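This report concerns only the one structure given below.
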């Protein structure tokens, strides 16, 4: 079986990734040295959720926020305070909070600055220099709309506030606070992280992209220094969009501190190069601010529709566009929290990637489609998108190379009938190729997470290739004969566990490649149900459930009764839930039950009443994270009702129109 919200939302070491995942599973609360609030415009006439600007805050609400901070012991701090604490010169106060304001609205001078002086609170203001350099009476492009130059600060006001010592002025870029064309279909994506696509010429080169972004930052810094007499040291990324590369470029230019919009990663003094912030939107009351600063956990369950991009692809552009509209409309109405979206092409349905839906260095590109669909789902349907990609199952065009790098069985065959055609995770060249494919994916599109396909398995007859045998002998101190490895149960068990960990470690390397371009990346990996029901199956699956729980944000267990030949699906699912819940709340909190919407044995669609019974059983057992595969958006299967009431995370008990 083949398994697969918006622009607002220095390389991470693998050991750090593993530590964070382990801490999450162990139930530890994330450590934070300070908190950061991100405001934009402040006006007197904000109309709550109905206001034209979702990021505007009313003056009276801002006063309530500042009063709440004062009354509850929070201490606003400056950038100087953060640097001094990091260098060990003086500690941060308890409940330290950094106040930041983006875009340089004139209201910062007329409404916010007087409050800062009254309370004695420091703040950071991020300036877009191209807007400030526009002549009086002109209009500037703010995102996708035009605003009068007079809506923004003047340099005289900026110099006055800087002299007060209360306000630190940061770069918000010179001219990156807008979208640029990021794919052939014309989607406008954040300029700082997008390789510009020019019709008729293609994508800008990596060198041109770096020159454009670095040049913009340098120009912004030069203007701020010339206008204020002080060179900025903080970069605030427009829309929060950044990559680990752009963070490195900013540091090289003299902007070692950067601010993002990643509010799920607690800020620490050790990582001032990427400081996450809580985005203030919808004119919240003080209670919302309290919940943010206390980092109360998000109790929204993960609900997933798993989508084959092969269903959407059509060589006829008009038909393909119509298919995309069907998908986006359906997901908008359904309102799951996420979509697992196929990033590879598998037209023959064998689970091996024959081509990819993004430009890359090693496989054919069937269509430059993943970026387009992921962006449309994110911006039009409001869901998180996880890119679904194999770990090992890539069909390289060079047949001889594919055979040389393939997983080898002890009978000399490269793959057994009915199994995925996989590249060996022990082959350095295969690992390099796969890492580059994942890096290319990270560069090519914007998405929230990765779903590792179910192909990363090794049974007790593989891998028997020379590179694998060398690892067994030299690194694991085991026999380099599969027959000898299987002969002793204790040795066989250790070999199986080491292979499972090897595969998991490789997926963490792949996630690190993508995190260079998608720093807030979340991870999920498909797990066969047998790995939970029969732990001894690690010998023929190379999958260990406890390893998955430590390594990934979510373990996407394929809770598919018919695929596993279960005669009593409800009883089988009940037993599977038992095994997960027996490991405690932390295991359940990181496990997604992915149900089948099709019986691949017969080719029939699973009747909605049956799917409903499965979901209700699991929900009644306390399983919160649920999904289904596949979502056939062309045929409208499963039917939207009552699927919406089963899967949607919307507050409304009916689908959107």
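The values are calculated or read from the model by the stated rules, or taken from the named source; none is laboratory data. In this text the structure is predicted, and so the values were computed from the model without any measurement. Virtual Cβ from ideal backbone geometry, glycine too; neighbours counted across all protein chains shown.
Details
- Residues (touching a helix residue (DSSP H, G or I) at 6+ places or on another chain (Cβ under 7 Å) and assigned to a loop (DSSP other than H, G, I, E, B)) located in segment 632-653: 633, 634, 638, 639, 648, 653
- Unique match (being modelled with pLDDT of 95 or more, under 29 Å from residue 545 (Cβ atoms), surrounded by 15 or more Cβ atoms within 10 Å (Cβ to Cβ) and out of contact with any strand residue (DSSP E or B) (no Cβ under 6 Å at 6 or more places or on another chain)) among 576, 595: 576
- Unique match (being under 21 Å from residue 258 (Cα atoms) and either out of contact with any strand residue (DSSP E or B) (no Cβ under 7 Å at 6 or more places or on another chain) or modelled with pLDDT under 90 (or both)) among 31, 5: 31
- Applying the set (1) farther than 30 Å from residue 266 by Cα; (2) crowded, with 16+ Cβ neighbours inside 10 Å; (3) at pLDDT 95 or above to residue 524 leaves exactly one unmet item: (1).
- Flag for residue 309 being surrounded by fewer than 21 Cβ atoms within 10 Å (Cβ to Cβ) and touching a strand residue (DSSP E or B) at 6+ places or on another chain (Cβ under 7 Å): no
- Test: residue in segment 145-155 that is assigned by TED's automatic domain parsing to the domain that holds residue 213, out of contact with any helix residue (DSSP H, G or I) (no Cβ under 9 Å at 6 or more places or on another chain) and modelled with pLDDT under 95: yes
- Subset of segment 610-631 (residues that are under 24 Å from the mean Cα position of the chain (by Cα) and either farther than 19 Å from residue 301 by Cβ or in a loop (DSSP other than H, G, I, E, B) (or both)): 623, 624, 630, 631
- Enumeration of residues in segment 412-451 that are part of a loop (DSSP other than H, G, I, E, B) and within 16 Å of the chain's Cα centre (by Cα): 445, 446, 447, 448
- Any chance residue 220 is touching a strand residue (DSSP E or B) at 6+ places or on another chain (Cβ under 6 Å), part of a helix (DSSP H, G or I) and farther than 24 Å from residue 77 by Cβ: yes
- Qualifying positions in segment 631-650 - at pLDDT 95 or above and crowded, with 22+ Cβ neighbours inside 10 Å: 631, 633, 638
- Total residues in segment 253-274, condition part of a loop (DSSP other than H, G, I, E, B) and in contact with a strand residue (DSSP E or B) (Cβ under 7 Å, 6 or more places away or on another chain): 8
- Looking at 566, 577, 539, just one residue is in contact with a helix residue (DSSP H, G or I) (Cβ under 6 Å, 6 or more places away or on another chain) and either assigned to a loop (DSSP other than H, G, I, E, B) or closer than 20 Å to residue 448 by Cβ (or both), and that residue is 566.
- Check on residue 170, on the phi < 0 side of the Ramachandran plot, in the same structural domain as residue 116 (by TED's automatic domain parsing) and in a strand (DSSP E or B): yes
- Out of 75, 90, 52, one residue alone is modelled with pLDDT under 95 and over 16 Å from residue 284 (Cβ atoms). It is 52.
Yes/no per residue for (1) over 26 Å from residue 240 (Cα atoms); (2) crowded, with 21+ Cβ neighbours inside 10 Å; (3) in the same structural domain as residue 520 (by TED's automatic domain parsing); (4) at pLDDT below 95:
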position	(1), (2), (3), (4)
353	yes, yes, yes, no
358	no, yes, yes, no
364	yes, no, yes, no
376	no, no, yes, no
386	no, yes, yes, no
422	yes, yes, yes, no
431	yes, no, yes, no
441	no, yes, yes, no
447	no, yes, yes, no
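- The numbered conditions (1) buried (at least 20 other Cβ atoms within 10 Å of the Cβ); (2) modelled with pLDDT under 95 are all true for residue 336 except (2).
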